[in-house]
Amino acid sequence: MSAEPFSRVSGFAVDDARLMTLFEPWLAERRLAAEAIWSDPQKWVGVCYFGLGDPRLWVPLRQWGGRPSDRIKVPNFSHPRAQRLGKTVALLHIVAAITLAVGIAIALGRVW
């Protein structure tokens with residue numbers, strides 16, 4: 001999907017720069033709110049992030065001293081998509097553990 005100007009995609013005759021000046025204050029306000037939520041240490045449990053008001057799905061990992069990591073991103077487990085991801089990963093771990101247990105039992109000749 002290529003990044004085309006808004007006017008070409010929507011059919012409206014609006015300049016993209018004009019749209020940016022219109023929405024930039026709103027976007028800046030949302031960025032500041034997300035950063036304030038992210039920097040609250042109570043939203044972090046180890047390396048897991050639970051920022052309820054933060055709309056981002058992936059956030060930078062919080063390092064010692066409260067600095068954001070440049071390379072490592074973690075999911076916001078308060079986001080609905082990240083919750084679905086967490087449930088899927090947990091289910092895959094359960095299936096893998098059962099498969100491993102059955103495989104070991106078969107390899108050892110154990111019969112139930």
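Rule-based calculations on the coordinates, nothing more; no lab input. These numbers come from a predicted model, not from an experiment. Positions of Cβ are generated from backbone atoms using ideal geometry, with glycine treated the same way; all protein chains shown enter the neighbour counts.
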Neighbour-count ranking [beta-carbon atoms within 10 angstrom, fewest first] of ASP54, ASP70: ASP70, ASP54
Order of LYS43, LYS87 under a 10 Å beta carbon neighbour criterion, fewest first: LYS87, LYS43
Sites HIS93 and ASP40 - FRET efficiency at Förster radius 35 Å, r taken between beta-carbons, to 0.05: 0.75
